[in-house]
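Have a look at the structure below, then the notes.
Every number here is computed from the coordinates shown, using simple stated rules; none is lab data. Keep in mind it's a predicted model, so treat the numbers as computed, not measured. Here the Cβ positions follow ideal geometry from the backbone for every residue, glycine too, while neighbour counts run over all protein chains shown.
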Amino acid sequence: MNKNFDVEYYKQKYLFGKSNKELADLLRYIAYSLELKKQDYFRIIAYKNAADALEAYPVEIYNLIVNNEDFQIENIGKIIKQKLIEYCKNGYSQEMAEILSEIPITVFYLTQVRSVGPKKAYKLVETFKLFNPETVYEDLLNVAKAGKIQNLEGFGKKSEESLIKALENYLSYKMQSRILLYLADNIAKSIIDWVSQNQDILKINVLGSIRRRCETVGDIDIAVATDNSKAVIDRFLEYPDKIKIENAGSNKASIIVKNNIRVDLRVIDKSRYGSMLQYFTGSKLHNIALREYALNLGYSLSEYGLKSVSDKQEISFSSEKELYEFLGLRYIPPELREGNDEVELAKKGKLPKLIKLSDIKGDLHIHSSFDTQTHYDLGSSDLNELIEKAKALGYSYIGIADHNPKYSLKQSVQKILAERKKYYDQIIYSKKLEQFNVFIGLECDILPDGSLPITDECLKYLDYIIVSIHSSFDLDKTKMTQRILRALNYPKVCVFGHPTARLINKRPAISADWQKIFKFCKEKNIAVEINSSPERLDLPYELIKMYKTFGVKFIINTDSHNADSLDLIAYGVDTARKGWLTKDDVVNTNSLDKIELWIQKQSQKK
DNA sequence: GCCGTTTTCGGCCCGACTGTTTTCAGTCG
């Protein structure tokens, strides 16, 4: 018997990985396995739903399980939960192994290729004996290139060609993850600018995860309202920076652009535009919740509108607002549509009034070009340029938080900070600022033991300190928590900078007892930073939402290294909105005198 | 297998696109 059919093979420890995404794939493979064995349709659906829910769940459940912490996820009931627990604790689950073992593992591998589902994968694996998991993609590619696939029943020349492309694509891009929101924004803007030059466009919007302001984006979706869909789609297909056209119909077309990003354009008449906008903005979980809610009112919800269950009458909506209002709901901003409890709260009228970009009155995490002899990058703009930019943004204050000088310079650290203060004070004085202030801060490393690389004598040259982690990211949870708490206890600390220290797609969040840390921040009046840098977006929105209920205050900063980057504050505001924050939750929505008072108070504390 | 303001049984979303077919299957979102 081939090893892939053997239960023992599927008992290799963590054969499918530990992340939520990988665990979700594992559940999907079980669904595929059941599908191929023609088992109960709804049992299959149940595994797929569980997989979707797990993939959308914000906390890595592997960590929860190994720490014996409980979790409740919609659509994951007792049975699947128990299997996940068994898999995470033992490295495999007996029952899962049994279900999977009737199908070669290479079948599951092939389902990762676009346009290949379980049935095609199974047929290909069986026909061409593709049992080697190490080389299955290359093996199939060779078979396809040899022209052997077009003769298979249900396949043809075209499907052979598209399979070759899909495989080549998969092989060249399989290492690539979802792109950052910031990059997706730029691509989407360029395409929208191009398409919008067509005269037949009545409305155009970006949909999906970009519109919900998710930190990363898989595909880019765009909606257009028009009476001439052919002209709009033709224009879209002529987009000059496309790599290829994926498909093109009368209501929808897809192209591939740089970074192997797929862009879908959906076209609809003006009268039903609101329904389409709502439907394809998602998220999937939000739509499920909304659909259930609508069904209770006697309507079935689709991308075309509502259909009365009783008399089949269709109702269309030209705007999203009308749709939500018709259902008796307050308008739900796209950022909140993640399938938590937003539908329920919209019904009760209890959605928060989300913070807006215009609420921001200043930015306290800016790096200037003054040479503090740090071992990090300096900023490239000087204080004059930063003040001008901040004024242009309508700010009342900024805080310069350069990196601390190198730790090895011990004796001269104080001297560098003294010179810096003198230099800044001169600029501030000479500019005769009115209704505007500059705070002189410092972004200070939290050393591995929780101490800070400055002496008490340095404090007199500083208005405030941001503490943040730039090294030793993998301490265990207990040590990391102690480390952070010690640093937060230093005098003049006002801000805990980029708390999880994650870099999206590059470095995972540190492990720490956030509950303990944020409670401490609340007690000490320390603001928890929402760092707007597109590759950080740290604190992540899930944690913001979770710990907002503690009453801790947040601050949205850019961590800018040049004046232009002050504009990126919008990404921090998006993240705050996604974390359900209001103006009152964020300290830098406060006026200058309130901020001055807060900073003074922090410096008087021991 | 999941879920419950119809709660322990009996329901569970569905339309578009592609390709191969000649009325449908597979895949995707």
### Message
Through the Karplus equation 6.51 cos²θ - 1.76 cosθ + 1.60, θ set to phi - 60°, convert the phi angles of the range A:583-590 into ³J(HN,Hα) values in whole Hz; use x for Gly and Pro.
### Response
3, 5, 7, 10, 5, 7, 9, 6
### Task
Give the long-range amide H neighbours of residue A:339: residues separated by 5 or more places, or on another chain, with amide H under 5 Å away, using H modelled in the peptide plane at 1.01 Å from N.
A:283, A:286
### Task
Count the DSSP beta bridges whose two residues both fall in chain A, then state the antiparallel fraction as a percent rounded to the nearest 5.
45 percent
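Is there a quick way to get the dipole size of chain A? I mean about its Cα centre, with the Cβ of Lys and Arg at +1 and of Asp and Glu at -1; what is the value in debye to the nearest 20?
Working: 88 positive and 82 negative charges, 130 e Å.
Approximately 620 debye in magnitude.
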#### Entry: Set of aspartates and glutamates near residue A:431 by C-alpha distance (under 20 Å), chain-local residues within fewer than 8 positions excluded
A:363, A:382, A:385, A:388, A:419, A:463, A:593, A:596
### Query
Once phi is turned into ³J(HN,Hα) by the Karplus curve 6.51 cos²θ - 1.76 cosθ + 1.60 with θ = phi - 60°, what whole-Hz value does each residue of the range A:333-344 show in order, with x for glycine and proline?
x, x, 4, 8, 7, 10, x, 8, 10, 5, 5, 4
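Hey, with R₀ at 35 Å, roughly what FRET efficiency would residue A:72 and residue A:161 work out to, going by the Cβ-Cβ distance, to 0.05? Don't skip to the answer; put the middle values down first.
On the way: r = 46 Å, r/R0 = 1.33.
Efficiency for this residue pair is about 0.15.
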### Query
Quick one: if the Förster radius is 60 Å, what FRET efficiency do residue A:377 and residue A:40 give, using the C-beta to C-beta distance and rounding to 0.05?
0.55
### Query
For residue A:419 and residue A:250 in one chain, what is 0.36 nm times their gap in residues minus the Cα-Cα distance, to one decimal in nm?
54.2 nm
### Message
Give the residue list of trypsin sites (Lys or Arg not before Pro) in the range A:1-100 that are DSSP loop and have at most 16 other beta-carbon atoms within 10 angstrom.
### Response
A:13, A:37, A:38
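Is the C-alpha gyration tensor of the range A:179-268 telling us rounded, prolate or oblate? Criteria: a/c under 1.5 is rounded; beyond that, a/b larger than b/c is prolate, otherwise oblate. Before the final figure, lay out each step's value.
Values: a/c = 1.83, a/b = 1.43, b/c = 1.28.
Prolate shape, in that a/c is at least 1.5 and a/b is the bigger ratio.
Mind checking the range A:135-186 for trypsin sites (Lys or Arg not before Pro) that DSSP puts in a loop (not H, G, I, E or B) and that have at most 11 other Cβ atoms within 10 Å? Present the calculation step by step, with values, prior to reporting the outcome.
On the way: sites: A:145, A:148, A:157, A:158, A:165, A:174, A:178; in loops: A:148, A:174, A:178.
Taking the range A:135-186 and a limit of 11 other Cβ atoms within 10 Å, the loop trypsin sites (Lys or Arg not before Pro) found are A:174.
Can you tell me what the convex hull of the Cα atoms of the range A:487-601 projects to on average, as an area in nm²? Provide the component values of the computation, followed by the final result.
Details: hull surface 29.2 nm².
Spelled out: convex hull of the Cα atoms, projected over all directions, averaged, 7.3 nm².
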## Note on the structure
Phi-derived 3J(HN,Hα) across the range A:45-62 with the Karplus relation (6.51, -1.76, 1.60, θ = phi - 60°), rounded Hz, x for Gly and Pro, is 4, 4, 5, 5, 4, 4, 4, 4, 5, 5, 5, 8, 6, x, 10, 5, 6, 4
#### Entry: Counted charge near residue A:389, where neighbours are those whose Cβ lies closer than 10 Å (Asp, Glu -1; Lys, Arg +1)
-4
### Task
With only alpha-carbon atoms counted, please give the Rg and Dmax of chain A, in Å.
27.2, 84
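Counting other C-beta atoms within 10 Å, which of A:79, A:233 has the fewest, and how do the rest follow?
Details: A:79 11, A:233 23.
Fewest-to-most Cβ neighbours within 10 Å comes out as A:79, A:233.
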### Surrounding net charge for residue A:590, when Lys and Arg each add one and Asp and Glu each subtract one, Cβ distance under 12 Å
-1
### Message
Report the gain in length on full extension from residue A:271 to residue A:219: 0.36 nm times residue separation, minus Cα-Cα distance, nm rounded to one decimal.
### Response
16.1 nm
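What 222 nm value per residue comes from the helices of chain A, counting each DSSP H run with n ≥ 4 as -39,500 (n - 2.57) and dividing by all residues, nearest 500 deg cm²/dmol? Write out the running numbers ahead of the final one.
Details: 23 runs with 252 residues, N = 606.
Rounded to the nearest 500, the figure is -12500 deg cm²/dmol.
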### Message
Cut-off under 17 Å on the C-alpha distance; same-chain residues fewer than 8 positions from residue A:258 excluded. Which lysines are left, in chain and number order?
### Response
A:165, A:174, A:189, A:242, A:244
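Can you give the net charge of the other residues whose Cβ lies under 13 Å from the Cβ of residue A:503, counting K and R as +1 and D and E as -1? The partial results should precede the final answer.
Values: positive: A:502, A:506, A:507, A:536; negative: A:215, A:535, A:538, A:559.
My count for the surroundings of residue A:503 gives 0.
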### Task
Could you list which residues have their amide H under 5 Å from that of residue A:554, counting only those 5 or more apart in sequence or on another chain, with H placed in the peptide plane?
A:528, A:586, A:587
### Query
Which links in A:38/A:148; A:18/A:252; A:460/A:522; A:21/A:252 stretch past 30 Å when you go from one Cα to the other?
A:18/A:252
### Message
Students often forget the sequence filter, so: which lysines lie under 16 Å Cα-Cα from residue A:347 once same-chain residues fewer than 8 apart are removed?
### Response
A:321
#### Entry: 5 angstrom amide H check on residue A:439, placed H, neighbours 5+ away
A:398, A:399, A:400
